[in-house]
1. What residue among GLN243, PRO202, GLY218 has its Cα farthest toward the positive end of the dipole of the chain, where the charges are +1 on Lys, Arg and -1 on Asp, Glu, each on the Cβ?
2. What are the radius of gyration and Dmax of segment 1-79, computed over its Cα atoms and given in Å?
3. Using Cα positions and a limit of under 24 Å, work out the lysines in reach of LYS97, with same-chain residues fewer than 8 apart set aside.
4. Bin all alpha-carbon pair distances of segment 1-142 at 5 Å intervals from 0 and give each bin's fraction as a whole percent.
5. Sorted by packing (mean other beta-carbon atoms within 10 Å per residue), highest first, where do 173-182, 83-92, 55-64 land?
6. May I ask for the distance between the Cα centers of segment 37-54 and segment 167-245, given as a whole number of Å?
7. Taking only complete DSSP H runs, can you tell me which helices of the chain stretch 27 Å or more along their own long axis by Cα positions and average at least 0.0 on the Kyte-Doolittle scale?
8. What relative contact order, as a whole-number percentage, does segment 64-192 give when Cα pairs under 8 Å and 6 or more residues apart are counted?
Amino acid sequence: MTHINLSTQGALVTGGGTGAGRSIALALAAEGCRVAVTGRREEKLVETAELAISGPPIQCYAADVSQRNEVERLFSWAAAEIGPIHILVNSAGINIKDRAVECLSPENFDEVMKVNCTGSFNTIWAVLPQMREREDGLIVNINSIAGKRPSVLAGVAYSASKFAMTALGRGVALEEGEHGIRVTNIYPGEINTPILDQRPEPVSDERKATLLQPEEFGEIVTMIAKLPPTAHISELVIKPVRQKY
C-alpha cells in the first residue's frame, strides 16, 4: 500500500489553538506537512506554533470561522503562506453552561450553531473549489458522539449542532466523492479539553484522566491523512473505555 507523503501537503486546522486541534496540527507538522492554524484567540495559536519541535513552522491566523468575511480573508492568507490546502480539519467548537432547553436562550443556541455547524460549512465551501480542481482533498470534521445521538450532558444546542455537522459532512461526501474529495467524520466521546470548563458541574482531575486525551487525535488524523487517495474512512467513533456509548 502506497501511503501519501504528507511533506507534500498543506493543511489548515481550525480550533488549532487548544485541545484536539492543537494535537492534530502538531502531528501533521511533525510529518512535514505545511500547517496553518486558526482560532479566535491569537495567543493560543502562537502557543501551538511554539510547541512544534519538528517539521515546517506552523503558521497562525486569528479568525472566527462563523464569520464568512473572516473565512474569506483566512483562505487568501493561507494561499500565500502555505499554498494549496490538501487537508482541512474542522476542529473549532463551543458549548455553553446553560444546556437544558428550559434555560437555553435563543442567542446561545444561535451561537453554538454558528460556530459548530455554520463555521464548518464556511471553511468547506471555501476549500472545495481548489480540491475539485485538483480532484483530490481530505476534509476531517471533529464531530462528537452527540452528533449520532442527543445527550442531556451535551445539551440541546450542542447536540443539534453536531447532528447538523453530521449531515453536512455526509452530504458533501456524497456530492464530492466523484471529484476525489474524501470527507471523514470523527465522533469522539468525552475528551479532556478546555470545553470541559463549560460543563454545568466541574469535572475533577481524576475524571479527566479517564477521558480521551487530545494528543490521541494527532495520531488518528495523521493515519487517515496518510492513506492512499483510493482509500476512505468515512466515519470513526472513538470513546473512552469507561464511557457507555
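1. GLN243
2. Gyration radius and largest Cα-Cα distance of segment 1-79: 12.4, 41 Å.
3. Within the straight-line limit of under 24 Å, LYS97 reaches these lysines: LYS44, LYS114, LYS148, LYS162, LYS208, LYS239, LYS244.
4. Calculated P(r), rounded to whole percents: 2, 11, 20, 22, 19, 12, 7, 4, 2, 1, 0.
5. Answer by packing, highest mean first, reads 83-92, 55-64, 173-182.
6. Their Cα centres are 20 Å away from one another.
7. Sorted by number, the helices that extend far enough and score high enough are 156-176.
8. On the way: 195 pairs, mean separation 38.2, N = 129.
In percent, rounded to a whole number, it is 30.
Computed from the coordinates by the stated procedures, all read-outs in this text should not be read as laboratory data. Because the structure is predicted, anything quoted here is derived from the model rather than measured. Methodologically, a virtual Cβ is constructed for each residue, glycine included, from the backbone with ideal geometry; neighbour enumeration extends over all protein chains shown.
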